[in-house]
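Student: This structure is in structure tokens; I'll ask about it shortly.
The values are calculated or read from the model by the stated rules, or taken from the named source; none is laboratory data. Here the structure is a predicted model, which means the values were calculated and not measured. Neighbour counts run over all protein chains shown; Cβ positions are idealised from the backbone, glycine included. Protein only, heavy atoms only, side chains kept; ligands, DNA and RNA dropped before computing areas. Shrake-Rupley method; radii C 1.70, N 1.55, O 1.52, S 1.80 Å.
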Amino acid sequence: MKETIKNRLESLRALMRQADVDAVIVPQGDPHMSEYLSPHWQLRRWLSGFNGSAGDLLVTPSRAMLWTDSRYFLQAGRQLDGTGIELMKDGLPETPSMARWLCTNLTPGQTVAVDGLTMSTLAAEDLRMRLDAEGIALRTDFDPAAVWTDRPALPDGRIFEHELRYAGLSAEAKIARVMAEVQSHHATAVFISALDEIAWLLNIRADDVHYNPVATSFLYLSQGRRILFIDPAKVGTDAAEYLRSQGVETAPYSAVTDFLKSVPADERVLIDESRTAARVTELLAHVAVRGASPVAMAKACKNEVQLSGIRAAMLRDGVAMVRSLREIEERVASRETITELDVAEILRRHRSASPLFFDESFGTIAGYGPHGAIVHYEADRESASPLAPEGLLLIDSGAQYLDGTTDITRTVCLGSPTLEERRDFTLVMKGHIALARAVFPAGTTGTQLDVLARQYLWREGLSYLHGTGHGVGHFLNVHEGPQGIRLNHVPAPLSPGMVTSDEPGLYREGVHGIRCENLVLTVPAMSTEFGEFLRFETLTLCPFDLRLFDTALMSNDEIEWVNQYHDTVRRTLAPELEGDDLHWLQNNTAPLPLHTITD
């Protein structure tokens, strides 16, 4: 495989020479600015052999480099070894950004190229500005996929209606709301590229991207027309009738370029430059109006029907988690041969027993021992470790149900925990609890709360490099904006109806990984003379491993939070369980002892 990667890079370099290009950027991207891509758009993976969900490749005549974030440092290091591709650890002080590297290593008059369909308008314009300052040109009309001889076809799965009983609001009503927002930007139309936004807005779903129930398409909305650009093979009779009932016409996916060129000059088309490809913006340059997506906030703030469905999905998922954890622990204790891949299979089997199950929400991360320190580790037949009755198992998994999306991480002790394991786990949990208990003024962003989850680790000189929380969709992408809880600034305020993860962690390379994740809902807390205040309601229902808590490091308030959470989990899940599963639940939600307070 390593030689194959080298040969593919040489094919790209030959194409570069033909086009008189000095450097080529291959982003992890598609024309919809998706985080997760269909196989048709996995060019960076094909060229590099690195299969993480984040990472951009840079190729010059003599070097190849891949920038990725801390979630993938260990994985990328292994997968790139022997390919000749250098790992650039993005976010570390010593690692230059790709733009900085280009400005430092290229000379005036040289040219950088990228497929403008795979880079956002915002990113392309920022890069162009930096390169222009050094006399370096940027081309967005280069197609590096021309060397991909066995490229997979575009997805052809059928779309289907996401019924009103789950969505809570009709497409007609959503479109009216979005068009009102469009008008507030002094625009007359909007062009939407983001697949999750289209799926939410039209109440349609599909299976074009593994784990994300979206359909490959573009959407154009104006006062007079609603056009969904989609492969006709994806629209069956029922879907066509549904779209007509919502006033939506269809056109071939491939027709979008000619359409954008022909938009009348008196139209004003709103685009979100962070979620619109650079080439699309170039086609709309004569009519484009830039502004924030009119869909993102509306989609993120779930309605009451959606929230009811999410709570039902959490109960269902909690039952599946209890059954899975009990089975895993019992099979390990009996010294049955069971690997990380078996863990993923067990979780899928129990979740898929529900008639509302559609798919997993991402590839299960089951990292045993040192593999737990690989933040986005996904086992395969070569890497899957057998489990033993000792050490820690980190399980990060989730499901797509018709009524909600779940994402949960639990760190499980498979034997007798060490002092270091208990200490590390407890420090992570203290941060988790601090964030879960937060009360904050309306308008607060996740950046302002992030330190709550990190403070106890920082006090001990420990940290983690990934974000603390991401938004979660409703039977949509497990990673959803616009909100986030992380160190770098995220401008979107945490608003009522938003579902966000709370997942601090700690990773000791070669030893173990710990992450504790629940999903939380932003809800009103109180109204005072100082304004409106918000808080989080915990949605996830599954015990944390009692054996890993070191209560000597915890306050009584923290211990009481754990006990109250476990009491809620037990009371909610117990009616759905029986026999050994119920017994496991009861044992694993027993109260932790409080500290005795003396005068």
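Student: Residue separation times 0.36 nm, minus the C-alpha to C-alpha distance between Ser352 and Ser527: what's the value?
Tutor: Extending this stretch completely gives an extra 58.8 nm.
Student: Same structure, new question: Report Rg/Rh for the range 356-438, rounded to two decimals, where Rg is the Cα radius of gyration and Rh the Kirkwood radius.
Tutor: Result: Rg/Rh = 1.03.
Student: Shifting gears a bit: With +1 assigned to the C-beta of every Lys and Arg and -1 to the C-beta of every Asp and Glu, and no other charges, what is the dipole magnitude of the chain about the Cα centre in debye, to the nearest 20?
Tutor: 560 debye
Student: Same structure again: For the chain, with the dipole built from +1 on Lys and Arg beta-carbon atoms and -1 on Asp and Glu ones, taken about the Cα centre, which of Ala436, Val114, Asn7 lies farthest toward the positive end?
Tutor: Positive-end residue among those listed: Val114.
Student: Another question, then. Once the Cβ-Cβ distance between Val439 and Leu92 is put in as r, and R0 is 35 Å, what FRET efficiency do you end up with, to the nearest 0.05?
Tutor: Using R0 = 35 Å, I get an efficiency of 0.55.
Student: Quick one: what are the phi-derived ³J(HN,Hα) couplings along the range 508-513, Karplus 6.51/-1.76/1.60 with θ = phi - 60°, whole Hz, x for glycine and proline?
Tutor: Values, residue by residue: 10, 4, x, 10, 6, x Hz.
Student: Rounded to the nearest Å, what's the spacing between the alpha carbon centres of the range 466-513 and the range 272-348? Just the number, please.
Tutor: The range 466-513 and the range 272-348 have Cα centres spaced 11 Å from each other.
Student: I need the calculated FRET efficiency for the pair Arg151 and Arg225, taking r as the beta carbon distance and R₀ as 35 Å, to the nearest 0.05.
Tutor: E between Arg151 and Arg225, to the nearest 0.05, is 0.60.
Student: Still on this structure, I have one more. List the residues, sorted by chain then number, that are 5 or more residues from His470 or on another chain and whose placed amide H is less than 5 Å from its amide H.
Tutor: Ile485, Ser501
Student: Moving on. Under a 5 Å amide H to amide H cut-off, with H placed in plane at 1.01 Å, what residues pair with Phe358 once short-range neighbours are removed?
Tutor: Distant-sequence amide H within range of Phe358: Gln400, Tyr401, Leu402.
Student: Rounded, prolate or oblate, given the Cα gyration tensor of the range 278-346, with a/c below 1.5 counting as rounded?
Tutor: Taking the square roots of the gyration eigenvalues as a ≥ b ≥ c, the range 278-346 is oblate.
Student: Amide H of Asp545: which non-local residues (sequence gap of 5 or more, or other chain) have their own amide H closer than 5 Å, using H built in the peptide plane?
Tutor: Amide H neighbours of Asp545: Thr411.
Student: Can you tell me how much longer the chain between Asn105 and Ser184 gets when fully stretched, taken as 0.36 nm per residue apart minus their C-alpha distance, in nm with one decimal?
Tutor: 24.0 nm
Student: Another question, then. Each residue of the range 69-82 in order: what ³J(HN,Hα) in whole Hz does its phi give by Karplus 6.51 cos²θ - 1.76 cosθ + 1.60, θ = phi - 60°, with x for Gly and Pro?
Tutor: Computed from phi, the couplings for the range 69-82 are 8, 4, 4, 10, 4, 5, 4, 5, x, 6, 6, 8, 4, x Hz.
Student: Could you check how much of the accessible area of the range 148-235 is carbon and sulfur, as a whole percent, using a 1.4 Å probe?
Tutor: Answer for the range 148-235: carbon and sulfur cover 50 percent of the accessible area.
Student: Can you figure out the FRET efficiency of Thr551 with Ala54, using R₀ = 41 Å and their beta-carbon distance, to the nearest 0.05?
Tutor: Taking R0 as 41 Å, the efficiency between Thr551 and Ala54 is 0.65.
Student: In the full protein assembly as shown, how much of Asp90 is accessible to a 1.4 Å probe, in Å² to the nearest 10?
Tutor: Estimated to the nearest 10 Å², Asp90 gives 70 Å².
Student: Give the peptides 104-111, 413-420 in descending order of average Cβ contacts within 10 Å, highest first.
Tutor: 413-420, 104-111
Student: Which length gain, in nm to one decimal place, applies between Ser62 and Ser170 when the Cα-Cα distance is subtracted from 0.36 nm times their residue separation?
Tutor: Additional length available on full extension: 33.4 nm.
Student: For the range 474-486, what does the Karplus curve 6.51 cos²θ - 1.76 cosθ + 1.60, with θ = phi - 60°, yield as ³J(HN,Hα) per residue in whole Hz, taken in order and with x for Gly and Pro?
Tutor: Coupling constants for the range 474-486: 10, 6, 8, 4, 5, 10, 9, x, x, 7, x, 10, 7 Hz.
Student: Just the number please: accessible area per residue for the range 197-262, 1.4 Å probe, all protein chains included, in Å².
Tutor: Roughly 38 Å² per residue, with all protein chains present.
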